[in-house]
1. Out of all Cα-Cα pairs in the stretch 149-218, roughly what percent, to the nearest whole number, are more than 16 Å apart?
2. Pairwise over distinct Cα atoms, reciprocal of the mean inverse distance: report the Kirkwood radius of the stretch 25-323 in Å, one decimal place.
3. How are the alpha carbon pair distances in the stretch 229-332 distributed across 10 Å bins from zero to the largest one, expressed in percent?
4. Between the stretch 83-97 and the stretch 220-287, what is the C-alpha centre distance in whole Å?
5. What Kirkwood radius, in Å to one decimal, follows from the Cα pairs of the stretch 49-161?
6. With each run of n ≥ 4 DSSP H residues scored as -39500 (n - 2.57), what mean residue ellipticity at 222 nm is computed for the chain after dividing by its residue count and rounding to the nearest 500 deg cm²/dmol?
7. With no solvent and one equal point scatterer placed on each C-alpha of the stretch 126-167, evaluate the Debye formula and give log10 I(q)/I(0) for q = 0.24, 0.25, 0.33, 0.34 Å⁻¹, two decimals.
8. Quick one: order 130, 122, 197 by neighbouring beta-carbon count within 10 Å, fewest to most.
Ligand code: PBG
Ligand code: ZN
């Protein structure tokens, strides 16, 4: 097909044609909204580096979740900011922990909203690491039981799905096991399978107060230079019982999403992380980019790469944008 017989511009000349040949479409069904739960009443602490996002006490969290649900967003991902931190992350698996309380309230008030809980220890440990620390080492196997207990306590509180983000080896099997033993065989696991050691998590760590107090997460999160290893991580998690696998971050790792889509037939989630969000918001605020268009283009690219669902701080804005775009009018 060569010019002048073939003219690609023929099918670009108006929006109707463009709509008809569009290969990738975003839908509100694709979005999962991350939310931050904190103790107290009527708390709504703005997160400075994440415009439009807040640490929310349960009452306000329910309000925000309801607004999202009413826009058609099917699911939220819950993160907790606990009152107490200790070396064993006890408030991560306490029955009255913040995520557990928020989950129960959400399921009571908005039963059809899917509540996914982030399973990790870093917000709950005083050293800020995702596992148990011995000296300078993060002990993998000693962490597994605590992660499993955390997932179980979330399921008991009513979580529809649990999402381990710790990157300890073997945690998916351990969590699947404890859930099955306790009559939660219907609770799926969304595994943060290919989670990279990324500087894009900066704003989140500030929001969740979860930055490591010493060292970094390089001994458990993946090296940004690797992609074959991502296949191994994903394959391993599937064998251990993961139902949905996640790639995180999204935008700097679109090649990983694409590659996994080619090789794996499970649903893929992509996490459009805090730093990706913050950069867009900052540039928009400076007047340097059209924030709304960059948002939609970014989300479309993640979907085009092969993601089935996107965890994104843009969920509410993008849902509003999609619904305003779908108001077509008939002329004449
Ligand atoms: C903690 C966790 C992190 C994120 C989700 N869960 C940060 C980290 O690993 O340090 C990042 C999310 C984001 O940046 O939006 N295990
Ligand atoms: Zn963690």
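Only the coordinates and a few stated rules stand behind these numbers; no lab work does. No experiment lies behind these values; they were computed from the predicted model shown. Quick reminder, even Gly has a Cβ in these numbers, built from the backbone with ideal geometry, and neighbours come from all protein chains shown.
1. Value for the stretch 149-218: 55 percent of Cα pairs lie more than 16 Å apart.
2. 19.0 Å
3. 14, 40, 27, 14, 4, 1
4. So the two Cα centres are separated by 28 Å.
5. Its Kirkwood hydrodynamic radius stands at 14.7 Å.
6. Values: 11 runs with 129 residues, N = 332.
Per the formula, -12000 deg cm²/dmol.
7. Debye output, listed in q order: -0.83, -0.87, -1.15, -1.18.
8. Arranged by neighbour count, lowest to highest, 130, 122, 197 become 197, 122, 130.
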